[in-house]
Each structure stands twice: as structure tokens, then as C-alpha cells.
1. Suppose every Lys and Arg Cβ carries +1 and every Asp and Glu Cβ carries -1, with no other charges. What dipole size does the stretch 2-132 come out with about its Cα centre, to the nearest 20 debye?
2. Which of the chymotrypsin sites (Phe, Trp or Tyr not before Pro) found in the stretch 99-168 are loop residues per DSSP with 16 or fewer other Cβ atoms within 10 Å of their Cβ?
3. Of the cross-linked pairs Lys17/Lys127; Lys49/Lys139; Lys57/Lys150; Lys57/Lys148, which ones have a Cα-Cα span greater than 23 Å in the structure shown?
4. Can you tell me the FRET efficiency between Leu13 and Gln52 if r is taken as the Cβ-Cβ distance and R0 is 35 Å, rounded to the nearest 0.05?
5. For the chain, what Kirkwood radius comes out of the mean inverse Cα-Cα distance, in Å?
6. Using amide H atoms built 1.01 Å from N in the peptide plane, name the residues 5+ places from Ile86, or on other chains, whose amide H lies under 5 Å from its own.
7. Around Gly8, with a cut-off of 14 angstrom between Cβ atoms, what is the net charge of the other residues, counting Lys and Arg +1 and Asp and Glu -1?
8. In the chain, which helices (entire DSSP H runs) extend 15 Å or more along their own long axis, judged by Cα positions, while averaging at least -1.0 on the Kyte-Doolittle scale?
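Any read-out appearing in this document is the output of simple, stated calculations on the displayed coordinates, not a laboratory observation. Since this is a predicted model, take the numbers as computed values, not measurements. Cβ: placed from backbone, ideal geometry, glycine included. Neighbour counts: every protein chain shown.
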Amino acid sequence: MKIGIVMGSQSDLPIMKQASEFLESLEIPYELTIVSAHRTPERMFEYAKTAQKRGLKVIIAGAGGAAHLPGMIASCTTIPVIGVPILSSNSIDGWDSVLSILQMPGGIPVATVALNGALNAGILASKILSTFDESVQEKLEQYQQSLKEKVENSIEEVQKSYPNSFDS
């Protein structure tokens, strides 16, 4: 089982690599490429229409500006698509990207994470895979446990520094 990670241009890579790094940490195979809805529409259609044959189970699509990539891919496949709105140089504070991905018409859903939220997209894609794969589920449980431990360690640090802090 693989996850596809696509982005509209190479400038999106610093954001989208957050998803790939998370998937690598859980040893989940993925493919990563550039697919522009506007500049390479034939490539986009080919990518989406052949995704299932290539073993993809989830696609993470990041795009800035008008952000058509996630929705267009979702319109060409039955595989779940997670959209990552990206704050780009031609963006209107990122809102154009957020709303372009979030406001999909009925029948073509795209799960949408926060602006520049590729890490959460990687986590969500992993959670979708975990419904098919117990080993992914176990790795996600370990990841969530590490988050809990991080907060608990922070609490201890604050309590040492501030004796009047809340102690449950």
C-alpha cells in the first residue's frame, strides 16, 4: 500500500516534505511528484486515473493560489484525496488556497488540512491506511503516545520552574 504525494510546483516541496518525512518515520511507502493542474493537465489526469493500478490508497495533494490540483485529482479517482493548501507567492494570505480546496462541490469531496499543514495530511493519510493495516495502527499509537509523553515532560518542566502551577 502506498500513499501518493503530489504538488503543483517544486516551490511547494518545503511544505510537502513534512508529509513524506512523517510517512518515512512510520515506514509507509509513498511516491512523490510534481503534477500541475494548470500547466500539465494531461499528466494530472494520467496520474489520477492510474493511481489505483499503482497501488495508491490515499493521495495527498498540495497546491497554492487557485489550488485546483486536489479537487481535479479527486474528480478523476475514487481514492481518498487530502488537500494541503499552501501559502504561495501569488496567494492572498493563503485564503484563496484554503477556500479553493475546502469549498468542493457536492459529490467530489476533498479532506482539507490547515494552511501549510502537510504534516497533518501525512498523519491523516496514515490513519486511513491504518484501517487496512494493523502495523500502521500500532505505529500511530506509538506516535500518539510520544505526543502525550512530550506534553507530560513539558508539564514537569513548567512545574519545576513555576511552583504555583496547576498539579492534577
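1. 380 debye
2. Sites meeting the loop and neighbour criteria: Phe132, Phe166.
3. Lys49/Lys139; Lys57/Lys150; Lys57/Lys148
4. The pair Leu13/Gln52 has a calculated efficiency of 0.90.
5. 16.8 Å
6. Ala63, Gly64, Gly65, Asn116
7. Details: positive: Arg39, Arg43; negative: Asp12, Asp96.
Once all neighbours under 14 Å are counted, the net charge is 0.
8. Working: long enough: 13-25 (17 Å, 0.08); 118-130 (18 Å, 1.26); 134-161 (41 Å, -1.46).
Correct list, ordered by number: 13-25, 118-130.
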